[in-house]
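Peer 1: Once you've had a glance at the structure underneath, I'll fire off some questions.
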Amino acid sequence: MGKILKFQALVLLSIQIGVCGGGTALAENEEKVIILSDKVGEVIDVIEREHFEFFQDIKGFKSAVLLQLPDSTYVAEIRYEKDGMEEKTRFQQSEREIEILRDYLDRYEEISKSDENKRAFEEKWNIPRMEYVKRDTGKVFMYSPVSRLKAIELSPYVGKTIDETENKHFELFDVKDLEEAIILKEDTLYYLLIKSKTDDISIVFLPDTELVNIQNKLKKVAESTGITVKLKGFRADPNKSRLFIMPTGNTLRKGERYFADYELFFVWTAYGLTNNFMIDFGFTLIPTTPDNWLYYFGPKVKVYDSGKGQYVSCGAHFIAMPFMQEVENTFWGAAYVGMTQEKPGTQITFGGGAGNAILTPMGGNLFCAYVGIKNGVGKIKFLAEYWHLLIKWDNEYHHIPNLFIGARFCGTNLTADFGLLYPHMFEWISNVAPIGFPFLNFVYFY
């Protein structure tokens, strides 16, 4: 019952932040005490406060009364004890808040019975789920409706509400399970309101300097990706370091990590050690003994970030093949460079590398050039990737063109790529089928 009543009581009273000890210049005999309900009388005392769960976070609460001033406006006068002294403060109340409070008191037993009754009460009075927030004035805890704290638009890139996807894209608030964030303004003061997926709401004072820092970061990231306005249906791609297979010019940031499963039998994990350096490790999950698995390791470092959507990274792939005992070298390695250009909803990547491949018993040198494109602002993004391999064996170079084409489905922490692979592209289309080999992978960020 506590959670049900606390929400309503705090919303209904909706006390406005003020300076403790503040009051009005009018004489007390010019003010009229308003009786909200016979259940509480003229004065809400400590016992009634506990029963109806009013003013739960006001330390040292002693009493509360509702007053009508000569100009027909209303104030709530709160008396409380602080440092052994009794103090009082006043907060203006609207006629709507008084009517809501009266209705709440009159139907308290009914409203407090269930969550369904609480929701019906909210709908009747059009009380938003986020209409109350908690603030600490440094002197006394109070509650205030969001309707009194005006939401401001930080920038045209995100609008008034920053959702989880935008928070991750712009890398603003390091908050677990964030659902949305709003910047609120009251007079010349700013507050940051954060709502979590568990419906917890927190609000903290936001210094002017921190507000400027947030705005500057929004501008920097927006300009780096070419965003000029809030994109309708925008969904950031958490899997920013890879195309289907080949690497992009970007890396994971410090602490970011994912688990990947490609074609069911190849699994790996990646971790960002810094904002510019990440590592991968994986193996083939074939239903046999580990000595028949293929093992993979790959470091990657971002060497250039223009701040305007251009990235350059270099790295290496190392693969161990212990089951290939018939060849002299069971270790394969390659170094590469990847360059990426990002614009709103579009990413183009070019890259290339060279190494040593164990593709025949004799082994061989390998050279690769690749290009990839990703397009789309929503949850589904078009994805295409082309490699051109040049491999030398038996003293001859062989050209192997490979094409991937498909889509990436982007969730908040999960991406799924589905596409068609055309290995030996022209030979496949000519001799096998016009439809490529199905390719499926999942990447989960945890």
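Peer 1: Are there any pairs, at least 6 apart or on different chains, whose C-beta atoms fall under 6 Å, with the first in the stretch 66-90 and among the polar types (S, T, N, Q) and the second crowded, with 17+ Cβ neighbours inside 10 Å and part of a strand (DSSP E or B), and if so, which?
Peer 2: Gln68/Tyr74; Thr89/Ile78
Peer 1: Given the criteria of a type outside the set (Ser, Thr, Tyr), within 30 Å of Glu166 (Cβ to Cβ) and without any contact (Cβ under 8 Å) to a residue 24 or more places away in the chain, does Phe350 qualify? Quick ask: steps written out before the conclusion?
Peer 2: Details: of a type outside the set (Ser, Thr, Tyr): yes; within 30 Å of Glu166 (Cβ to Cβ): yes; without any contact (Cβ under 8 Å) to a residue 24 or more places away in the chain: yes.
Taking the combined requirement at face value, the residue satisfies it.
Conditions tested, residue by residue: (1) touching a strand residue (DSSP E or B) at 6+ places or on another chain (Cβ under 8 Å); (2) more than 25 Å from Ala416 (Cα to Cα); (3) without any contact (Cβ under 8 Å) to a residue 40 or more places away in the chain.
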residue: Ile279; (1), (2), (3): yes, no, yes
residue: Thr284; (1), (2), (3): yes, no, yes
residue: Ser306; (1), (2), (3): no, yes, no
residue: His317; (1), (2), (3): yes, no, yes
residue: Ala320; (1), (2), (3): yes, yes, yes
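Peer 1: To continue, here is another question. Any idea how many residues of the stretch 81-103 are closer than 21 Å to Val46 by Cβ and surrounded by fewer than 15 Cβ atoms within 10 Å (Cβ to Cβ)?
Peer 2: 6
Peer 1: Could you list, in sequence order, the residues of the stretch 363-396 that are under 26 Å from Gly333 (Cβ atoms), in contact with a Cys (Cβ under 8 Å, 6 or more places away or on another chain) and buried (at least 17 other Cβ atoms within 10 Å of the Cβ)?
Peer 2: Those that are under 26 Å from Gly333 (Cβ atoms), in contact with a Cys (Cβ under 8 Å, 6 or more places away or on another chain) and buried (at least 17 other Cβ atoms within 10 Å of the Cβ): Trp387, Leu389.
Peer 1: Further, regarding this structure: Given the condition under 22 Å from Glu122 (Cβ atoms) and of a type in the set (Lys, Arg), answer yes or no: does some residue in the stretch 77-96 qualify?
Peer 2: Yes, the stretch 77-96 contains at least one residue that is under 22 Å from Glu122 (Cβ atoms) and of a type in the set (Lys, Arg).
Peer 1: Of everything in the stretch 31-85, what is under 20 Å from Arg107 (Cβ atoms) and either assigned to a strand (DSSP E or B) or small (Gly, Ala, Ser) (or both)? Give them in sequence order.
Peer 2: Residues satisfying the conditions are Ile34, Ser37, Gly41, Ile44, Leu66.
Peer 1: Scan the stretch 170-186 and report the pairs whose first residue is more than 17 Å from Ala151 (Cα to Cα) and whose second residue is surrounded by 17 or more Cβ atoms within 10 Å (Cβ to Cβ) and among the aromatic types (Phe, Trp, Tyr), with Cβ atoms within less than 8 Å and a gap of 6+ or a chain change.
Peer 2: Phe170/Tyr157
Peer 1: Applying the selection to the stretch 154-169, what residues are in contact (Cβ under 8 Å) with a residue 24 or more places away in the chain and surrounded by fewer than 17 Cβ atoms within 10 Å (Cβ to Cβ)?
Peer 2: Pro156, Gly159
Peer 1: Could you list, in sequence order, all residues of the stretch 232-283 that are aliphatic (A, V, I, L, M) and farther than 26 Å from Asn167 by Cβ?
Peer 2: Our first condition is that a residue be aliphatic (A, V, I, L, M); within the stretch 232-283, this holds for 236, 243, 245-246, 252, 260, 264, 267, 270, 273, 278-279.
Hits for the stretch 232-283 are Ile245, Met246, Leu264, Val267.
Peer 1: Let me ask another. How many of the residues making up the stretch 113-127 are at pLDDT 80 or above and not in a helix (DSSP H, G or I)?
Peer 2: Going through the stretch 113-127 one residue at a time, the tally reaches 2.
Peer 1: Quick one: in the stretch 397-441, of everything that is assigned to a strand (DSSP E or B), modelled with pLDDT under 90 and touching a Lys or Arg at 6+ places or on another chain (Cβ under 8 Å), which residue is surrounded by the fewest Cβ atoms within 10 Å (Cβ to Cβ)?
Peer 2: By that ranking, first place goes to His398.
Peer 1: Residue check, Tyr336 against (1) part of a strand (DSSP E or B); (2) modelled with pLDDT under 85; (3) in contact with a Gly (Cβ under 8 Å, 6 or more places away or on another chain); (4) not β-branched (Val, Ile, Thr), all met but one. Which one?
Peer 2: Result: Tyr336 passes all but (2).
Peer 1: I've got another one for you. Can you confirm whether the stretch 405-413 contains a residue that is under 21 Å from Gln341 (Cβ atoms), touching a Pro at 6+ places or on another chain (Cβ under 6 Å) and not small (Gly, Ala, Ser)?
Peer 2: No, there is no match, as no residue in the stretch 405-413 is under 21 Å from Gln341 (Cβ atoms), touching a Pro at 6+ places or on another chain (Cβ under 6 Å) and not small (Gly, Ala, Ser).
Peer 1: Out of the stretch 290-311, which residues are buried (at least 19 other Cβ atoms within 10 Å of the Cβ) and within 13 Å of Thr248 (Cα to Cα)?
Peer 2: Hits for the stretch 290-311 are Lys300, Lys302, Gly309, Tyr311.
Peer 1: In the stretch 209-248, what residues are modelled with pLDDT under 85, part of a loop (DSSP other than H, G, I, E, B) and not aliphatic (A, V, I, L, M)?
Peer 2: Gly226, Thr228, Lys230, Lys232, Gly233, Phe234, Arg235, Asp237, Pro238
The values are calculated or read from the model by the stated rules, or taken from the named source; none is laboratory data. Note that the structure is a prediction, hence the values are computed from the model and not measured. Methodologically, a virtual Cβ is constructed for each residue, glycine included, from the backbone with ideal geometry; neighbour enumeration extends over all protein chains shown.
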